[in-house]
Amino acid sequence: MKRPHYTPPTGAPEERAFLVGILLPGKRREDEENNLRELELLARTAGADVVGSAIQSRTRIDGSTFIGGGKVEELAREAYDHQVNLVIFDDDLSPAQARNIENRLEVNVIDRSELILDIFARRARTKQARIQVEIAQLKYALPRLRRLWDHLSRQAGGIGTRGPGETQLEVDRRRVRERVAKLSKELDRIDRRVKERRKQRSSMFNIAIAGYTNAGKSTLLNRLSGSKILQSQRLFSTLDSTTRKVESPSGKTFLLTDTIGFIRKLPPHLVDSFRATLRDVREADLILHLVDVSDERFEDHIEVVNGVIGEVLGGERADEEIPTLLVLNKSDLIEDNALKSLRGRYAEAVQISASSGDGISDLLETVDGRMERDIVQAVVDVEAGDGKAIDTVEKIGDVLERTVEGTRMIFHIRVKKRDLAALENVGEVRVQLV
Ligand SMILES: Nc1nc2c(ncn2[C@@H]2O[C@H](COP(=O)(O)OP(=O)(O)OP(=O)(O)O)[C@@H](O)[C@H]2O)c(=O)[nH]1
Ligand SMILES: [Mg+2]
């Protein structure tokens with residue numbers, strides 16, 4: 001049950017894909033064309049050969065076939081003419097819609113979510129990433145099991161292979177649910193181990209790089225930390241978080257984390273199961289929101305990223321806004337005039353080129369300033385015998401000096417403002433800002 005639908009033939013000739021977008025009233029054709037370009041990039045990343053595409057204008061979405069019966073006929077002709085073996089819709093299809101279209105076209109039909117899931121499945125390297133992807137895939141497949149059976153019967157062909165009865169489907173559904181439960185438990189275990197390791201860095205200033213896929217996040221982390229994480233033109237090169245220690249110009253150290261990229265219509269199951277990986281974003285003291293300004297749609301990308309960050313924060317820290325610094329990347333690819341106008345529009349943002357190194361010192365200085373604003377020095381006065389309180393102080397604060405006065409222990413610490421409250425909650429502690 002690993003990859004229930006759309007398993008590309010390994011080593012076989014490439015898949016020949018045809019892309020379909022839909023244009024509803026009030027939407028701009030230009031935007032849909034851009035969406036299809038991005039879909040093409042995704043399809044290529046998944047190893048398919050894109051041989052054609054079409055944008056269908058519709059006044060409304062058809063419940064049973066999404067684009068309407070007539071258009072499905074047209075599509076069937078196109079698919080035949082182009083010798084296509086895969087049709088990819090830019091919008092999400094319901095299980096029934098996908099099934100109906102497939103039955104007519106007699107080739108596999110997938111939507112953007114399924115394609116993204118497939119790419120994630122190919123890219124996942126670590127155990128954690130693989131489990132996260134598999135959970136998302138299974139949850140996606142659950143309401144679509146009947147369609148999977150249709151695929152199988154189509155391949156087998158003939159009478160008597162018409163697919164399962166309800167009982168068989170029920171058994172399958174139960175198996176999928178059991179597998180999800182088992183994987184979730186395993187993920188929790190990994191997650192707890194990671195959490196343990198992370199505890200040690202809670203007193204450090206944590207910065208997460210977030211951004212649209214391909215914005216240059218890994219390139220920036222490499223530039224700032226001298227690491228060599230894979231940076232590539234393909235989408236979703238990074239599926240695991242990497243954290244590195246970086247020193248600012250004034251000598252303050254912070255932890256910088258590069259994590260998965262976001263994209264328009266990132267399947268919700270995926271965001272959900274990548275919660276552990278995205279913890280770095282959720283628990284950051286500062287988010288560097290990296291934007292590829294050489295992409296003509298970068299403003300849409302900013303919106304998408306803000307949306308996903310909102311989802312990631314949902315629940316925890318929902319009412320708290322994590323300080324964010326907008327970083328305009330790939331400035332080497334645009335004209336001076338355009339740069340100037342960007343500077344006017346995003347006065348607070350920093351312009352950089354992660355690949356050439358331009359603007360990096362500005363960025364570090366700005367980060368330095370943000371840390372300065374967020375970190376305070378405090379004197380904490382604790383009962384010397386209160387082991388728990390002392391533990392907490394040492395964990396939360398960066399201890400500069402420790403002295404004993406009678407029965408009291410006095411700490412001079414640097415501490416994040418948002419951790420002050422936690423300090424005041426343990427035992428007999430007196431905190432005084434200096
Ligand atoms: N010209 C130019 N190219 C850049 C710059 N920063 C990154 N790139 C290129 O952009 C592509 C994507 O960079 P990555 O660092 O892999 O992007 P990412 O945000 O980590 O992407 P994912 O991990 O796939 O989400 C690579 O080909 C980089 O060489 C830049 O400042 N200027
Ligand atoms: Mg990356």
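Does the range 222-244 hold any residues that are of a type in the set (Gly, Ala, Ser) and either more than 7 Å from ligand 1 (Cβ to nearest atom) or within 27 Å of residue 187 (Cα to Cα) (or both), and which are they? Scanning the range 222-244 gives 225, 226, 227, 237, 241.
Every residue in the range 204-222 that is over 15 Å from residue 352 (Cβ atoms) and near ligand 2 (Cβ under 9 Å from one of its atoms), please. Hits for the range 204-222 are 213, 214.
Residues considered: 363, 400. Of these, the only one that is modelled with pLDDT of 95 or more and under 25 Å from residue 203 (Cα atoms) is 363. Of all the criteria given as (1) crowded, with 23+ Cβ neighbours inside 10 Å; (2) within 12 Å of ligand 2 (Cβ to nearest atom); (3) farther than 15 Å from residue 120 by Cα, the one not satisfied by residue 280 is (2).
Would it be correct to say that residue 361 is of a type outside the set (Phe, Trp, Tyr), closer than 30 Å to residue 298 by Cα and not in a helix (DSSP H, G or I)? Here the answer is no, as residue 361 does not meet what is asked.
From the list 347, 354, which residue is surrounded by fewer than 18 Cβ atoms within 10 Å (Cβ to Cβ) and small (Gly, Ala, Ser)? Just a single option satisfies the conditions, and that option is 347.
Conditions tested, residue by residue: (1) without any contact (Cβ under 8 Å) to a residue 12 or more places away in the chain; (2) within 16 Å of ligand 2 (Cβ to nearest atom); (3) in a helix (DSSP H, G or I); (4) among the small types (Gly, Ala, Ser).
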| site | (1), (2), (3), (4) |
| --- | --- |
| 224 | no, yes, yes, no |
| 227 | no, yes, no, yes |
| 233 | no, yes, no, no |
| 237 | no, yes, no, yes |
| 240 | no, yes, no, no |
| 251 | yes, no, no, yes |
| 255 | no, no, no, no |
| 284 | no, no, no, yes |
| 288 | no, yes, no, no |
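Exactly one residue out of 403, 392 is part of a helix (DSSP H, G or I) and away from ligand 1 (no atom under 16 Å from the Cβ), and it is 392.
The values are calculated or read from the model by the stated rules, or taken from the named source; none is laboratory data. Worth saying up front: this structure is predicted, and the values here are computed from it rather than measured. Every residue, glycine as well, gets a Cβ built from its backbone with ideal geometry; the counts of neighbours run over all protein chains shown.
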